[in-house]
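Notes to accompany the following structure.
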Amino acid sequence: MRNRILLLSVIITLIIAPVLRADEGMWIPLLIEKYNIKLMQEKGFKLSAEDIYSVNKACMKDAIVHFGGGCTAELISPDGLLITNHHCGYGQIQRHSTLEHDYLTNGFWAMSAKDELPNPGLTVTFLKRMEDVTEKVLNGVSDDMDTEEREKKIDSNISAIIDLAVDGSNYKAAIKPFYMGKQYFLFVNEVFRDVRLVGAPPSAIGKFGGETDNWVWPRHTGDFSLFRVYADRENKPADYSIENVPYKPLYFFPVSLKGVKEGDFTMVFGYPGSTSQYVPSYHIDMVKNYLNPKMIGIRSSKIGIMEEAMNSDPLLRLQYSAKKSGLANSWKKWIGENQGLDRMGTIEKKREYEDKLLQWISADKSRSEKYGNLLPRYKELYSKLREYNLAASYTNEVYFNYGIEAIGFSRYIKTLEDLIKEKADAEKITMAKINLQAIASGFFRNYNSEVDKKMFVSLMKLYGENLDEKWQAPQYIKLRNSCDGEFEKIVDELYKKTIFADEDRFKAFVMSMTRGSVVRLHKDPFYILAEGVSDFLANNVRTEYMSLNDELQELNADYLSVQIEYAQDRVFYPDANSTLRVSYGNVKGYYSKDAVYYTYYTTLKGIIEKDNPEIYDYDVPEKLKELYWNKDYGRYTQNGEVPVCFIATNHTTGGNSGSPVLNADGHLIGINFDRAWEGVASDMAYNPDQSRNISLDIRYALFIIDKFAGAGYLLNEMKIIE
Ligand code: ASP
């Protein structure tokens with residue numbers, strides 16, 4: 001522990017004097033004043049650190065929310081109007097869509113407040129304040145404590161700090177470790193629970209280019225959707241109610257029509273999810289050579305099955321679109337990541353670095369004692385970790401995470417089963433039954449047993465082929481042996497037998513469930529498999545996997561320490577951890593390969609060039625074509641064209657989707673939504689030459705709202721800078 005506390009000061013001194021370097025880094029808002037503002041201003045930013053983050057005055061942070069926990073969104077009006085990506089609101093848009101009101105296909109625009117659609121379960125979180133609480137968290141923690149004692153002390157300190165932070169308020173608080181636990185920050189948040197859908201373009205705009213264009217530049221996707229935050233009469237968070245009123249924010253972003261040109265300063269302010277910048281070569285080797293190939297393989301099968309179904313029937317398209325998009329997003333990223341890591345020679349570079357580091361460690365006796373064993377320990381650890389990691393991830397892909405859905409779904413009955421078995425009171429059991437009916441309605445709405453059967457046959461085979469037998473649950477082995485691995489022979493019978501693939505049968509079973517039914521339940525083939533796999537994971541994979549991970553955390557903390565000691569002139573920004581961060585850079589094109597240079601923005605002309613009614617992802621809506629042919633562009637132009645997307649050097653990752661992209665004046669010029677293919681490995685290795693974030697040009701969003709959708713009244717509540 002001593003190392004960690006001492007090294008804290010090392011980090012802080014190092015960051016104080018960042019060397020001028022590439023635009024890599026996701027910075028802590030509270031510390032912008034101290035470490036970044038000078039450089040940002042040199043790059044063109046015209047405002048102060050207080051304009052970004054302050055607890056004394058309204059500032060940018062008051063206009064930004066963590067949207068549903070996975071994306072970012074920002075306020076663009078004094079009446080709680082939020083903008084985020086179409087792909088961030090996709091689940092909500094899909095949930096409101098039916099074959100009669102297919103908002104995914106046709107778009108949705110609430111023409112008045114009463115048409116805005118509530119989204120139970122969706123929350124948005126505002127950061128009220130953050131604080132460095134490292135000393136308080138580590139108070140009373142000493143070198144002679146063992147890990148368990150230390151963690152207990154840290155946990156109890158954390159609970160006390162949180163209790164105090166939210167005392168007497170309706171706020172929520174969390175403490176997150178930074179720099180592998182060398183620093184801790186407290187986040188005090190306000191969470192709003194009534195968030196309504198206001199508008200979304202049709203998928204042919206909001207998801208234009210689909211999976212083909214995802215992670216790729218040049219890009220022409222109008223990736224935005226609009227929501228509104230509602231509050232009670234006191235402007236405080238409240239559950240959905242018709243009495244609620246639009247939330248009055250402390251701050252909202254003015255929207256700029258001025259656009260961008262090459263070299264302009266830009267800044268992205270949002271919630272990046274997770275990065276691994278300081279890991280050893282062994283980690284990259286595990287991800288690139290061990291996990292990614294297998295995970296890409298299984299996802300390809302899942303996506304292929306869903307795609308075939310979606311292309312065969314509009315209802316199946318509705319049912320499977322959100323699931324498929326979610327799966328395909330990471331699938332494609334892994335492919336790009338592997339190519340990027342290859343191209344950059346990241347593993348080789350890390351190895352060279354580690355060799356030098358090892359030499360430096362060996363040159364000093366006390367360093368050797370402290371760190372001499374670190375890399376060999378990593379090597380040994382990763383040789384085990386990768387197996388456990390693959391077993392856990394692959395099993396999850398097969399049985400859960402939109403794999404064989406009827407098997408995954410069967411787990412939901414456990415709560416009710418337990419209550420019945422422990423003879424809970426009747427009221428509790430009835431409530432559990434009602435709850436389960438609701439879950440089932442949600443599940444079966446987007447479920448088709450014929451598609452699931454195909455998934456079953458394919459994934460059962462892959463599970464057998466890609467995981468060594470020692471990682472396969474015995475119940476699976478038994479089933480496989482019973483059919484000689486020819487799952488297509490038993491699939492119909494299994495789906496006939498199980499209660500988890502048919503809504504009526506499932507609901508009837510649940511409603512009449514008693515202690516007697518438990519025996520029947522235990523004979524259900526999918527219940528048996530799911531139970532067997534879950535037990536197997538718990539007993540044979542997870543415990544060891546978690547203990548390897550604990551050891552990894554300790555090694556990571558030491559490894560970061562030694563890297564900081566070694567490279568005194570290197571800037572160490574903390575890895576992303578789903579907390580609010582600032583990235584900054586400049587608008588910039590890039591060479592994708594020899595002699596192929598991509599300029600920094602795309603236009604409506606490019607959409608028309610891609611138009612192909614034969615291909616779902618490139619089928620441009622007639623109305624958009626009309627606007628183009630009539631040059632009916634309104635005020636949303638750049639050099640006589642309608643701009644659509646642009647790229648810049650801001651360091652971003654998943655979770656930054658929907659983040660505001662701001663110009664030097666702090667005005668909204670774009671919505672971040674993706675990264676360019678050649679640089680997607682930036683979660684592990686940012687490459688200044690090719691890492692580019694892709695943003696929707698806000699003028700395209702306004703053009704679509706105004707000219708395409710005829711919902712121009714929404715612009716009236718924005719502050720538009722001409
Ligand atoms: N497309 C990503 C997301 O969905 C953004 C990124 O990874 O750059 O969050």
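Relative to the compact globular guide of 2.2 N^0.38 Å, what is the alpha carbon radius of gyration of segment 186-331, as a ratio?
Relative to the rule-of-thumb radius for its length, segment 186-331 sits at 1.42.
Under a Cβ-only charge scheme (Lys and Arg +1, Asp and Glu -1), can you give me the dipole magnitude of segment 113-168 about the Cα centre, in debye to the nearest 20?
Result for segment 113-168 is approximately 380 debye, rounded to the nearest 20.
The magnitude of the dipole of the chain, with charges of +1 and -1 set on the Cβ of Lys/Arg and Asp/Glu and taken from the Cα centre, is near 200 debye. As an equivalent ellipsoid, segment 626-686 spans semi-axes of 28, 15, 10 angstrom, where each value is the square root of five times an eigenvalue of the C-alpha gyration tensor, largest first. Each peptide in 305-317, 200-212 gets a packing score, the mean of other Cβ atoms within 10 Å over its residues, and the list from highest to lowest is 200-212, 305-317. Nonpolar atom fraction for the chain, defined as the carbon and sulfur part of the 1.4 Å probe accessible area, stands at 51 percent. Packing, as the average of other Cβ atoms within 10 Å across residues, places the peptides 677-685, 567-575 in the order 677-685, 567-575, highest first. Evaluated over segment 441-550, the count of Lys pairs having alpha-carbon atoms less than 17 Å apart is 18 (only pairs 8 or more residues apart or interchain). Taking a ≥ b ≥ c as the square roots of the eigenvalues of the Cα gyration tensor, segment 43-99 is prolate, since a/c reaches 1.5 or more and a/b is larger than b/c. Between their Cα atoms, which of Lys153/Lys379; Lys43/Lys261; Lys38/Lys182; Lys46/Lys261; Lys258/Lys588 are more than 21 Å away from each other? The pairs that break the limit, which is 21 Å between Cα atoms, are Lys153/Lys379; Lys38/Lys182. Each residue of segment 473-585 gets 259 Å³ once the volume of the Cα convex hull is shared out per residue. For a 4.7 Å threshold on C-beta separation, the list of partnerless cysteines in the chain reads Cys59, Cys483, Cys645. With the charge dipole of the chain set up from +1 on Lys and Arg Cβ and -1 on Asp and Glu Cβ about the Cα centre, the Cα lying farthest toward the positive end among the listed residues Ile499, Phe487, Asn639 is that of Asn639.
Computed from the alpha carbon positions, the gyration tensor of segment 523-604 leads to an equivalent ellipsoid with semi-axes of 43, 28, 13 Å, biggest first. Among the GluC sites (Glu not before Pro) found in segment 567-626, those both in a DSSP coil and sparsely packed, with 13 or fewer other Cβ atoms within 10 Å of their Cβ, are Glu614.
Look at the dipole of segment 344-494 built from charges on Cβ: of Ile407, Val457, Trp471, the Cα furthest out on the positive end belongs to Trp471. When the charge dipole of the chain is built from unit charges on Cβ atoms (+1 for Lys and Arg, -1 for Asp and Glu) and taken about the Cα centre, the candidate among Ile298, Ile158, Val55 whose Cα reaches farthest toward its positive end is Val55.
Peptides 484-490, 703-709, 422-428 ranked from most to least packed give 703-709, 484-490, 422-428, packing being the mean of other C-beta atoms within 10 angstrom over each peptide's residues. Gyration tensor over the Cα atoms of the chain: the corresponding equivalent ellipsoid has semi-axes (square roots of 5 times the eigenvalues, largest first) of 38, 36, 27 Å.
Extent of segment 144-202 along its three principal axes (Cα atoms, max minus min coordinate, largest first): 60, 32, 16 Å.
For segment 129-170, the Cα-based Rg and Dmax, in that order, read 11.9, 39 Å. The residues of segment 66-129 have, on average, 37 Å² of accessible surface per residue, using a 1.4 Å probe with all protein chains present.
Report the normalised scattering of segment 33-149 as log10 I(q)/I(0) at q = 0.16, 0.17 Å⁻¹, calculated by the Debye formula with identical scatterers on the alpha carbons. Ignoring solvent entirely, the Cα scatterers give -0.93, -0.98. Computed over protein heavy atoms with a 1.4 Å probe, the accessible surface of segment 248-309 works out to 32 Å² per residue.
Name the shape class, rounded, prolate or oblate, that the alpha-carbon gyration tensor gives for segment 110-179, where a ≥ b ≥ c are the square roots of its eigenvalues, rounded holds for a/c under 1.5, and otherwise prolate holds if a/b is larger than b/c and oblate otherwise.
On the way: a/c = 3.61, a/b = 3.05, b/c = 1.18.
Prolate, because a/c is 1.5 or more and a/b exceeds b/c.
Entry note: segment 504-549 has Rg to Rh equal to 1.21, where both radii use alpha-carbon atoms and Rh is the Kirkwood radius.
With the helix formula -39500 (n - 2.57) applied to DSSP H stretches of n ≥ 4, the chain reaches a computed 222 nm mean residue ellipticity of -13500 deg cm²/dmol. Neighbours of Glu417, meaning other residues whose beta-carbon lies under 15 angstrom from its beta-carbon, give a summed charge of +4 when Lys and Arg score +1 and Asp and Glu score -1. Excluding ligands, DNA and RNA, the accessible surface per residue across segment 398-525 is 51 Å² with a 1.4 Å probe. Counting only Cβ charges, +1 for Lys and Arg and -1 for Asp and Glu, the dipole size of segment 404-557 around its Cα centre is about 700 debye.
The values are calculated or read from the model by the stated rules, or taken from the named source; none is laboratory data. Everything numeric here is computed off the predicted structure, so don't read it as measured data. Every residue, glycine as well, gets a Cβ built from its backbone with ideal geometry; the counts of neighbours run over all protein chains shown. Quick note on the areas: whole protein, heavy atoms, side chains included, nothing else; ligands and nucleic acids left out. Shrake-Rupley method; radii C 1.70, N 1.55, O 1.52, S 1.80 Å.
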